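**Q** Once you've had a glance at the structure underneath, I'll fire off some questions.
What follows draws every value from the coordinates through simple rules; no lab data is involved. All figures in this text were calculated on a predicted structure; none of them were measured in a lab. Methodologically, a virtual Cβ is constructed for each residue, glycine included, from the backbone with ideal geometry; neighbour enumeration extends over all protein chains shown.
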Amino acid sequence: MKRVSAIKWDAPTPYDPVWLASVQTYPPAFAVNETRLWFWGWVYEQDVQFQLFTRRNPFDSQEIKINDTASLRNSNFDFNNKVKVLTHGWLNHGSSPMPESIKEAYLNISDLNIIVVDWGKAANVNYILASYNVAMVGRLLTEFLNFLISEGVSMDDVHLIGHSLGAHVVGIAGAYVKQGPIDTITGLDPALPLFSISNINGRLDKHDARHVEVIHTCGGYLGFAAPLGHIDFYPNGGTRQPGCRLDYRGLCAHNRAHMYFSESIISTVPFTAVRCKDYDELYYNGSCKGTGETLIMGGFDIHYGKDGIYYLKTNAEKPFAIVDENS
């Protein structure tokens, strides 16, 4: 069995009380000190599957294995189409709402190579162990991307999308790919607990791809509030989300990131955001008056060269995008 070498980073200390509350239903299996004990979190190659979906097989996946040319060449993978890689978060798997909804939205618009990274075996453990496994799953994804490169896929045609812990998985993968940079990474409310803003090697960072966009929906709780990308969107201020009611664990707000994103791909109403003067304006006011510049959050097309902090409002329920009565 192939085992992936670990990347080490320092755990934050003391632990975030919000994180402690978030894992009450899935307590640690062992006593844990400030040092990460890597032998608990080994991830084997067979624990992570790379599932291909295209318009020829929108419902039944085809598994592509690392360094297995036959599995790639005998699949529906189309070298003329772009590649979207979807990576779920904690306690999820390849058929969870995040990858399913985004896959369906993309294939409704265009024929693409959708790769769902199913790391459910490594994600369905207590949060501490799952967070340890992120680095190793990221390195496996790096190996997979390097395999695609060796088969003739250009990283200019690759877009990585990750939610929660999955956002850090794709960040690490992008940082270590051989012939990068990856064209685009989208981080959907990147997980905060046990990740440090100062340790860019252990989390999603704007240097992990040519273009990095982040959508913050539970900032300061389950997700990072601080900007991590070239473009950072803060729907409804980036923390509590309308319609989530008594969301004391933050799960509703946390999941809104991938719900907003999947809707944005197929919505005829754009998620129009205004550019903030800076992050301080958003942080202290919870909103932005705007500089006069606007940008669409998400969507099918990628918006390059619009770096900055962006604020927008959404509806409390689907459809989340707000119709502009002046348009």
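**Q** Please list, ordered by chain and number, the residues whose modelled amide H lies under 5 Å from the amide H of VAL85; skip anything fewer than 5 residues away on the same chain.
**A** ILE115, HIS159, LEU160, ILE161
**Q** In the chain, which longest range has no GluC sites (Glu not before Pro) that are both DSSP loop (not H, G, I, E or B) and surrounded by at most 14 other Cβ atoms within 10 Å?
**A** Here the longest segment lacking exposed loop sites spans 152-292.
**Q** Considering amide H positions built from the backbone, and no H for Pro or chain starts, which residues 5 or more places from ALA225, or on another chain, come under 5 Å of its amide H?
**A** Excluding prolines and chain starts, which carry no amide H, the hits are GLY220.
**Q** Given Cα pairs under 8 Å that are at least 6 residues apart, what percent is the relative contact order of the chain?
**A** 15 percent.
**Q** What is the set of long-range amide H partners of ALA273 at a cut-off below 5 Å, with H atoms built 1.01 Å from backbone N?
**A** Close amide H contacts, sequence-distant or interchain: LEU295, ILE296, MET297.
**Q** Checking the a/c ratio against 1.5 first, then a/b against b/c, what shape does the Cα gyration tensor give for the chain?
**A** It is oblate, given that a/c is not under 1.5 and a/b is not larger than b/c.
**Q** What percent do you get for the relative contact order of the range 143-188 when only Cα pairs under 8 Å and 6+ apart count?
**A** 47 percent
**Q** Moving on. Step through the residues of the range 230-244 one at a time and calculate ³J(HN,Hα) from phi using the Karplus curve (6.51 cos²θ - 1.76 cosθ + 1.60, θ = phi - 60°), rounding each to whole Hz and writing x for Gly and Pro.
**A** Listing the rounded values in order: 6, 10, 10, 9, 10, x, 6, x, x, 10, 6, 10, x, x, 8 Hz.
**Q** If you take the square roots of the eigenvalues of the alpha-carbon gyration tensor of the range 108-231 and sort them as a ≥ b ≥ c, do you get rounded (a/c under 1.5), prolate (a/b over b/c) or oblate?
**A** prolate
**Q** Where a Cα-Cα gap under 27 Å defines reach, which lysines qualify for LYS82, not counting those fewer than 8 residues away within the same chain?
**A** LYS65, LYS103, LYS178, LYS206, LYS306
**Q** Would you work out if the range 232-312 is rounded, prolate or oblate? Take a ≥ b ≥ c from the square roots of the eigenvalues of the alpha-carbon gyration tensor; rounded if a/c is under 1.5, else prolate when a/b is larger than b/c, oblate otherwise.
**A** oblate
**Q** Cα atoms only: what Rg and Dmax, in Å, come out for the range 179-297?
**A** 14.1, 46
**Q** Still on this structure, I have one more. Given the chain, what percent of its DSSP beta bridges are antiparallel, to the nearest 5?
**A** Around 35 percent of the beta bridges assigned by DSSP in the chain are antiparallel ones.
**Q** Additional query: Looking only at Cβ-Cβ distances, which cysteines of the chain have no other cysteine closer than 4.7 Å?
**A** Singleton cysteines: CYS218.
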